[in-house]
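In what follows, a structure is listed as structure tokens, so that the remarks can point back to it.
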Amino acid sequence: MMNFFLREADMVSRVQREDFDTEEELRILRGVRKDVGAVCCFVGLVRGEGEEGELEALELEHHEELSEKALAGLEMDLRARYDIEDCALIHRYGNLEVGSQIVMVLTLSRHRKDAFASASYAMDVMKTDIPFWKCEHYKGGGKRWLSP
């Protein structure tokens, strides 16, 4: 199992090829905390349609150092910008079939407002600012690289 953990204090975000277990990630992040009143979890999936037709798979490539640094920066930004108790960000790479989990954002806070807002902000940033290159593989053999 090849995970690239980003450790700076309590940072838990990572880029990985393997699938993730959302319930297990939440169990680990939440632990036995009594200061959390809200948990927001977003899981992104590979859709079955692409820019030019029906997808068979989505291929994601990344520059290890750049993507890890960007994800770590986002996590630090979330912790500074929102009143959250903890968070975890996971982004996968490699060949992902339609329906596969591709990204997870978990945020824990005392109240729902910051849990929702921080998760939404994190997903917006992950979609636009984390350097992943995506190639759509279509049924029938065609493929198309998308602009980052």
Residue within segment 78-88 that is of a type in the set (A, V, I, L, M), in contact (Cβ under 8 Å) with a residue 12 or more places away in the chain and assigned to a strand (DSSP E or B) present: yes
May I ask you to list pairs of residues, at least six apart or on different chains, whose Cβ atoms are under 6 Å apart, with the first in segment 123-140 being surrounded by fewer than 19 Cβ atoms within 10 Å (Cβ to Cβ) and the second being among the small types (G, A, S) and outside any strand (DSSP E or B)? P131/S67
What's the total number of residues in segment 89-101 that are in contact (Cβ under 8 Å) with a residue 60 or more places away in the chain and crowded, with 17+ Cβ neighbours inside 10 Å? 5
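To keep it simple, each residue is scored yes or no on (1) under 27 Å from G140 (Cβ atoms); (2) loosely packed, with under 15 Cβ neighbours inside 10 Å; (3) modelled with pLDDT of 95 or more; (4) more than 12 Å from the chain's Cα centre (by Cα).
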position	(1), (2), (3), (4)
G37	no, yes, yes, yes
L45	yes, yes, yes, no
E52	yes, yes, no, yes
L74	no, no, yes, no
Of residues in segment 1-35 being in a loop (DSSP other than H, G, I, E, B) and crowded, with 16+ Cβ neighbours inside 10 Å, the one modelled with the highest pLDDT: F20
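I'm checking my understanding of the structure. Among residues of segment 102-117 that are over 13 Å from the mean Cα position of the chain (by Cα) and buried (at least 22 other Cβ atoms within 10 Å of the Cβ), which one is nearest to Q16 (Cα to Cα)?
Of everything passing the filter in segment 102-117, L108 is nearest to Q16 (Cα to Cα).
The values are calculated or read from the model by the stated rules, or taken from the named source; none is laboratory data. Bear in mind the structure is a predicted one, so any value in this text is a computation, not a measurement. Every residue, glycine among them, receives a Cβ derived from its backbone with ideal geometry; neighbour counts consider all protein chains shown.
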